[in-house]
Every structure is written in structure tokens, then in C-alpha cells.
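J.: Handing you this structure, nothing more for now.
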Amino acid sequence: MIWTAPEITRTKPPLIADERTMLQSWLDLHRRTLLWKCARLEAEQLKRRCVAPSTLSLLGLVRHLAECERGWFRIATRGEPLYYLYCSEDNPNGDFDDIADADAAADLAALQAEIELADAAVADLPLEHVFTYRATEYSLRWVYVHMIEEYARHNGHADFLRERIDGATGD
């Protein structure tokens, strides 16, 4: 039996909520939207590049956003001494570029694990929490807004990639 990315259910953010709940809900929607764009696709479809010379693929987006989750919430905000999953100083675009032999099921599982670990890493921090990363001060609030923007931008890419793969479009 050929592996396919699992089905994903998305829920809409509340219309009225406190700021933390609103930010978390919108981030969760965008996280699940990327996974939804991957649903029911086989590994080779997830690896399919858009148009040369771009190296963009759905699997590359999954890997990139796993790096972003780990990087912003755990490495930068919490100061956890972690390595990146796919990138390094010598290979800064490994998340997008090194997918030929990648294990799509493992990479989707890694994103879901990084999401859970990211949420746990900041669960006890207020939005006003300030940290220094690469000689610049940030707040946790900024990280939430940035991650919503990061997912939203890449979900636009995912729309085009998915439509090119099998014609599927969605909201």
C-alpha cells in the first residue's frame, strides 16, 4: 500500500477571544492549512517542484516550517540549545533543497512534533516575554505574529503547488 499524507480537519478561529487565544487560534489554523494542502498526496507528489529554477515543493514547505517552529519558539524564544533539522551553516537551504531522498511521512511527523514542542515551550510565557536572538530583542507576541505571517505566505505557495499537482484548490 502506498503511503499518503493523512486527512486534516481545520477549525476556524473564534471571532471573539483574548489576544493569546486569538493568536494561537490563527496560528493553529495556518499550521493545519499547510497540512491540509498536503493531505491525500503521495510522497513523490509532495516532493514535486513547482517550476525551474525554483526548488519550492510542498515537502520543502513542510520541512521549512518545522525549522521555523523549532527556530523561533524553541531556539530563539526559549534558548534551547538545539540544532536545526534540515539546515546548517554549510547548507542553509537544506529544508527546501535536500528532498530527493527525504522521508515524507517522517518529515510530516517532524512538523507535527515541532508544533507540539513549540506550543509547550512557550505555554508558560506571557506575550510580553522579551528575549534576545542574534543581537536583536523580540517579544513572544512578535513571534506569534511573524509565524502567522510565515505560514500565511507559504500557504499561498502551497495553494499553487497543490493546484499544479492534482488541480485541487481550496480556501
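Readers should treat all values here as calculations from the given coordinates under stated rules, not as data from a laboratory. For clarity, every value in this text was computed on a predicted model and none was experimentally measured. Glycine gets a Cβ as well: all are built from the backbone with ideal geometry, and neighbour counts include every protein chain shown.
J.: Please report how far the C-alpha centroid of segment 74-116 lies from that of segment 6-53, rounded to the nearest whole angstrom.
T.: What the calculation gives is 17 Å, centre to centre.
J.: For a test of the definition: using alpha carbon positions, the gyration tensor, and the 1.5 limit on a/c, classify segment 25-171 as rounded, prolate or oblate. Let's see the in-between values first.
T.: On the way: a/c = 2.08, a/b = 1.59, b/c = 1.31.
Prolate shape, in that a/c is at least 1.5 and a/b is the bigger ratio.
J.: Shifting gears a bit: With each pseudo-label sitting 7 Å past Cα toward Cβ, what's the residue 159-residue 15 distance in nm, one decimal?
T.: Computed distance between label sites residue 159 and residue 15 equals 2.3 nm.
J.: Which length gain, in nm to one decimal place, applies between residue 168 and residue 145 when the Cα-Cα distance is subtracted from 0.36 nm times their residue separation? Write out the running numbers ahead of the final one.
T.: Values: separation 23, 0.36 × 23 = 8.28 nm, distance 2.83 nm.
Length gained between residue 168 and residue 145: 5.5 nm.
J.: With the chain treated as a Gaussian network of Cα nodes joined by springs under 10 Å, which of 120, 52, 39 yields the largest mean-square fluctuation?
T.: 52
J.: Go through 80-86, 63-69 and give me the packing order, highest mean Cβ count within 10 Å leading. Please report the intermediate quantities before stating the final value.
T.: Details: 80-86: 13.6, 63-69: 23.7.
Put in order of decreasing packing, that is 63-69, 80-86.
J.: What residue among 142, 72, 36 shows peak mean-square fluctuation when the chain is described by a Gaussian network model with Cα springs under 10 Å?
T.: Taking springs between Cα atoms under 10 Å, the residue moving most is 142.
J.: Are there GluC sites (Glu not before Pro) in segment 75-171 that DSSP marks as loop and that have at most 11 other Cβ atoms within 10 Å, and which are they?
T.: Numbers: sites: 89, 114, 116, 128, 137, 149, 150, 163; in loops: 89, 128.
Sites meeting the loop and neighbour criteria: 89, 128.
J.: Relative to the present Cα-Cα distance, how much length would full extension add between residue 127 and residue 80 at 0.36 nm per residue of separation?
T.: Values: separation 47, 0.36 × 47 = 16.92 nm, distance 1.83 nm.
Stretched fully, the residue 127-residue 80 segment lengthens by 15.1 nm.
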